[in-house]
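The values are calculated or read from the model by the stated rules, or taken from the named source; none is laboratory data. These numbers were taken from a predicted model, which means no experiment stands behind them. Quick reminder, even Gly has a Cβ in these numbers, built from the backbone with ideal geometry, and neighbours come from all protein chains shown.
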Amino acid sequence: MNPLNVDTPNTPKRTSQIKAIIFDFDGVLSSFVVRLGWPLIQSVLMVRPEITEKQINKASLEVFSLLTTLDKKPKNTSLAKFSFQMGKKMGMTNFQALKFIFTTVIMYLKSRMNIVPTIGVRKVLRELLAQDYKVILLTNTSRKVIKKASEKIPEIKEFDLILTRDDIDKIKPDASGFLKALEIMNLKACEVLSIGDQASDIIASKRAGIKTVAVTEKEMAHSRPHLQQQNPDFFLRDMRDLPSLLVFLRDCIIEDIRTTIDLNETTLKEYIAQNNLSST
């Protein structure tokens, strides 16, 4: 059965160049909203209940922008200073901003181990693990969180490589984690596909010369323009579209991807037809 429902000639298919997939954790394997977004939003509402959704979304985009400027793990003092500034930008008084910092820490500690798999991700992982792909996890979160996550997403235990912030000196958007993964797994950048939900994921992947895929949870739709600014190679609705994308990369000839192929806006079948892509 052709997963794309595209007529192809009766000739042998070429072997896919993609041999490995590097996954981010929060927002890709596990819900970013549940583990990280929820405590932030609840903290804001507890301190300033009259705040609007637009103000919260604007503040969250500033957090994402900050993440693209980091090349090492931020110190607690830096995080506290940034949180205070973010509170002020959301219209908080000095006292409210300080309360916001402490409330956020408390809420985060309560929810940091609350792992909820993203829609369809376990089925997708099982499909990939059953094939010949190398499966890698590269995340800015801690190994302790990933150990807990493997109870909710047991497929993680079968990954070929796991690199957390405890295993590398610099975090994304620095490319060192990706380069380390390539070295350990003896892979070339052109043989790898990276899946992320933050601009820092896209930047780090591109710095390493790796094709990039962006995904966003439905609740994080406001962050899509921020991701699009980094020009990922592909944009997917969610992880359930990944197997079809891999078939697409296997069967269709794309010499150069200069602009994002947004598969939120069109199906793979439509994209192939619109761009006269051939299969081999």
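Which residues, taken from segment 223-243, are closer than 17 Å to Val135 by Cα and either surrounded by fewer than 22 Cβ atoms within 10 Å (Cβ to Cβ) or in the same structural domain as Ser65 (by TED's automatic domain parsing) (or both)?
Within segment 223-243, Arg240, Asp241, Pro243 qualify.
Being in contact with a strand residue (DSSP E or B) (Cβ under 8 Å, 6 or more places away or on another chain) and in a helix (DSSP H, G or I) is the filter here; which residues of segment 164-189 pass it?
Gly177, Phe178, Lys180, Ala181, Leu182, Ile184, Met185 - these are the residues of segment 164-189 that are in contact with a strand residue (DSSP E or B) (Cβ under 8 Å, 6 or more places away or on another chain) and in a helix (DSSP H, G or I).
Among the residues of segment 187-203, is there at least one that is over 17 Å from the mean Cα position of the chain (by Cα) and free of Cβ contacts under 8 Å to residues at least 24 places away in the same chain?
yes
Step by step: first the residues of segment 207-222, then only those that are surrounded by 19 or more Cβ atoms within 10 Å (Cβ to Cβ) and out of contact with any helix residue (DSSP H, G or I) (no Cβ under 6 Å at 6 or more places or on another chain), then the one that is farthest from Arg35 (Cα to Cα). Which residue is that?
The extreme case among them is Lys211.
Given the condition basic (Lys, Arg), touching a residue at least 24 places away in the same chain (Cβ under 8 Å) and touching a strand residue (DSSP E or B) at 6+ places or on another chain (Cβ under 6 Å), answer yes or no: does some residue in segment 109-126 qualify?
Checking segment 109-126: not a single residue is basic (Lys, Arg), touching a residue at least 24 places away in the same chain (Cβ under 8 Å) and touching a strand residue (DSSP E or B) at 6+ places or on another chain (Cβ under 6 Å).
Filter segment 99-126 down to the residues that are assigned to a helix (DSSP H, G or I) and modelled with pLDDT of 95 or more and list them by number. Before you say what the answer is, go through the steps one by one.
From segment 99-126, those assigned to a helix (DSSP H, G or I) are 99-111, 121-126; that's our starting set.
Hits for segment 99-126 are Val121, Arg122, Lys123, Val124, Leu125, Arg126.
If Ala80 meets every condition in (1) outside the structural domain of Pro154 (by TED's automatic domain parsing); (2) at pLDDT 90 or above; (3) among the hydrophobic types (A, V, I, L, M, F, W, C) apart from one, which number is that one?
(2) is the only condition that Ala80 fails.
For segment 18-53, which positions are in a loop (DSSP other than H, G, I, E, B) and either in contact with a helix residue (DSSP H, G or I) (Cβ under 6 Å, 6 or more places away or on another chain) or without any contact (Cβ under 8 Å) to a residue 60 or more places away in the chain (or both)?
Ile18, Lys19, Asp24, Leu29, Arg48, Pro49, Glu50, Ile51, Thr52 - these are the residues of segment 18-53 that are in a loop (DSSP other than H, G, I, E, B) and either in contact with a helix residue (DSSP H, G or I) (Cβ under 6 Å, 6 or more places away or on another chain) or without any contact (Cβ under 8 Å) to a residue 60 or more places away in the chain (or both).
Taking the criterion of being under 16 Å from the mean Cα position of the chain (by Cα), of a type outside the set (Gly, Ala, Ser), buried (at least 24 other Cβ atoms within 10 Å of the Cβ) and modelled with pLDDT under 95, would at least one residue in segment 176-185 satisfy it?
no
Can you go through Ile101, Ile56, Ile136 and tell me which one is among the aliphatic types (A, V, I, L, M) and in contact with a Leu (Cβ under 7 Å, 6 or more places away or on another chain)?
None of the other options fit; the residue is Ile136.
If Gln96 meets every condition in (1) modelled with pLDDT under 85; (2) not in a loop (DSSP other than H, G, I, E, B) apart from one, which number is that one?
Evaluating Gln96 over (1) modelled with pLDDT under 85; (2) not in a loop (DSSP other than H, G, I, E, B) leaves (1) as the failure.
Filter segment 153-175 down to the residues that are farther than 22 Å from Gln131 by Cα and more than 17 Å from the chain's Cα centre (by Cα), then identify the one that is surrounded by the most Cβ atoms within 10 Å (Cβ to Cβ).
Ile168
Look through segment 62-77, keep the residues that are surrounded by 13 or more Cβ atoms within 10 Å (Cβ to Cβ) and polar (S, T, N, Q), and return whichever of them is modelled with the highest pLDDT.
Among them, the one singled out is Ser65.
Determine which member of the set Thr141, Thr103 is buried (at least 19 other Cβ atoms within 10 Å of the Cβ), in contact (Cβ under 8 Å) with a residue 40 or more places away in the chain and more than 30 Å from Pro243 (Cβ to Cβ).
Thr103
Quick one: Gln198 ticks every box in (1) of a type outside the set (Val, Ile, Thr); (2) within 23 Å of Leu268 (Cβ to Cβ); (3) touching an Asp or Glu at 6+ places or on another chain (Cβ under 8 Å) bar one, so which box is it?
(2)
I need the full set of residues from segment 83-93 which are of a type outside the set (A, V, I, L, M, F, W, C), in contact (Cβ under 8 Å) with a residue 40 or more places away in the chain and outside any helix (DSSP H, G or I), in order please. It would help to see each step written out before you state the result.
Going residue by residue through segment 83-93, those that are of a type outside the set (A, V, I, L, M, F, W, C) are 83, 85, 87-89, 91, 93.
Subset that is in contact (Cβ under 8 Å) with a residue 40 or more places away in the chain: 87, 91.
Matches in segment 83-93: Gly91 only.
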